[in-house]
Amino acid sequence: MPDDPDERSLIATMLRHRPAASRHRQVAHPCAEPGDDAAVVGPGEVVTVDAMVQGVHWDARSSAEDVGWKLVAVNASDVGAMGCLPTWAVLTLSMPAPADGAWAEGFGRGLGAGLARFGAQLVGGDTTASPGPIALSMTMAGRGVRPVGRHGARPGDDLWVSGALGDAAAGFLDDHPQGLAWLRRPDPPVELGAALGLHGLAHAMMDLSDGLSRDLPRLCQASGVGAVVDPSLLPAGPALHGLPDEHRLSRQLAFGDDYQLLFAADPADADAVRDLALQLGRRVTCVGRVVASGGARLADRAWPAPLFDHFPPGVTPS
């Protein structure tokens, strides 16, 4: 393992040390291998987990209510990207002592609003004191008729994204009001993901949490294919208007926190994909195509440098 590991190498290390199989695994409920947005734990059942840490995933520009909402939203995004709808959730809350009651009250309100929005019920969890910043973790389950992973993309497929890309980056980097609104309270297209799964329209799908430049290669690797994206087709919201092309593309491709869908679909189903999105009040854009090999690449330029990293090179943990 490198002396200065990144997120990918840390995940690989954890997986390398896991047992070959659970001694208590039920034959009727086969578990999927790691790598998708959520683990398939039974027929039509998925489970995901996401953590958020004060100072890493939010700063003073987000209220306690924003943080509660976002913790639910990022988990619901994973469930929707598997072609499922959220069902239940459990929460871990770690706060410095003495606990800030006003912050906890606001967090609870945001959490409840997020759960109501995405349809999940909080069924349990754990609270503990923290010697450092506030740390949160949520585990969420979901159900769907046919869960969709990252492994089914085929050469010749259209490559689609939902919504607009780069809003959260414009909020974080440029303090754009509409970008900040999405950064604080993302509204991932969970129902669209579930509908794409229900109708069998997505061959492979994932959510865009780390930016297209990092997430598309993951889908390609899982599917054993390549992909070519046309940068001129990438959808942008008002938060990116007026930015030079180079800055706009870096925000669309290399930051993350988009919580939109990335999926591959048969070109023959393009009208069905558009109609479904229209019915659900969501925007979808075909931005490229899946090819047999060559990795994930832009049609006319190199990928921009990453704008965010959980483990920046050269930073020594304290």
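Per the listing G200, G226, G237, the residue uniquely touching a strand residue (DSSP E or B) at 6+ places or on another chain (Cβ under 6 Å) and surrounded by fewer than 23 Cβ atoms within 10 Å (Cβ to Cβ) is G226. When you look at R218, is it in the same structural domain as S162 (by TED's automatic domain parsing), within 30 Å of G110 (Cα to Cα) and in contact (Cβ under 8 Å) with a residue 12 or more places away in the chain, yes or no? It is false that R218 is in the same structural domain as S162 (by TED's automatic domain parsing), within 30 Å of G110 (Cα to Cα) and in contact (Cβ under 8 Å) with a residue 12 or more places away in the chain. So which residues in the range 190-229 are touching a His at 6+ places or on another chain (Cβ under 8 Å) and farther than 13 Å from V291 by Cα, if there are any at all? Scanning the range 190-229 gives A204, A222. From the list R289, R248, R282, the one residue that fits, being within 22 Å of H203 (Cα to Cα), in the same structural domain as A194 (by TED's automatic domain parsing), among the charged types (D, E, K, R) and more than 20 Å from the chain's Cα centre (by Cα), is R289.
Among the residues that make up the range 292-315, is at least one of them assigned to a loop (DSSP other than H, G, I, E, B), in the same structural domain as A170 (by TED's automatic domain parsing), within 22 Å of the chain's Cα centre (by Cα) and among the aromatic types (F, W, Y)? There is no residue in the range 292-315 that is assigned to a loop (DSSP other than H, G, I, E, B), in the same structural domain as A170 (by TED's automatic domain parsing), within 22 Å of the chain's Cα centre (by Cα) and among the aromatic types (F, W, Y).
Scanning the range 171-219 for residues that are under 20 Å from G119 (Cα atoms), of a type outside the set (A, V, I, L, M, F, W, C) and in a helix (DSSP H, G or I) yields R184, E191, G193, G197.
If you go through the range 163-197 and pick out every residue that is buried (at least 24 other Cβ atoms within 10 Å of the Cβ) and on the phi > 0 side of the Ramachandran plot, you end up with 1. The residues of the range 258-276 that are charged (D, E, K, R) and either part of a helix (DSSP H, G or I) or modelled with pLDDT under 95 (or both), listed by number, are D269, D271, R274, D275.
The set of residues in the range 240-268 being buried (at least 18 other Cβ atoms within 10 Å of the Cβ) and not hydrophobic (A, V, I, L, M, F, W, C) consists of R248, S250, R251, Q252, G256, D257, D258, Y259, Q260.
Is it the case, given these coordinates, that L91 is closer than 30 Å to G288 by Cβ, touching a helix residue (DSSP H, G or I) at 6+ places or on another chain (Cβ under 8 Å) and surrounded by fewer than 24 Cβ atoms within 10 Å (Cβ to Cβ)? Against the criterion (closer than 30 Å to G288 by Cβ, touching a helix residue (DSSP H, G or I) at 6+ places or on another chain (Cβ under 8 Å) and surrounded by fewer than 24 Cβ atoms within 10 Å (Cβ to Cβ)), L91 does not qualify. Restricting attention to the range 116-137, the residues that are closer than 20 Å to G101 by Cα and touching a residue at least 40 places away in the same chain (Cβ under 8 Å) add up to 5. Checked against (1) in the same structural domain as G166 (by TED's automatic domain parsing); (2) modelled with pLDDT under 95; (3) over 20 Å from A170 (Cβ atoms), L243 meets all criteria but (3).
Among the residues of the range 103-144, those that are farther than 20 Å from D66 by Cα, outside any strand (DSSP E or B) and either basic (K, R) or modelled with pLDDT under 95 (or both) comprise S130, P131, G132.
The values are calculated or read from the model by the stated rules, or taken from the named source; none is laboratory data. Keep in mind it's a predicted model, so treat the numbers as computed, not measured. Every residue, glycine among them, receives a Cβ derived from its backbone with ideal geometry; neighbour counts consider all protein chains shown.
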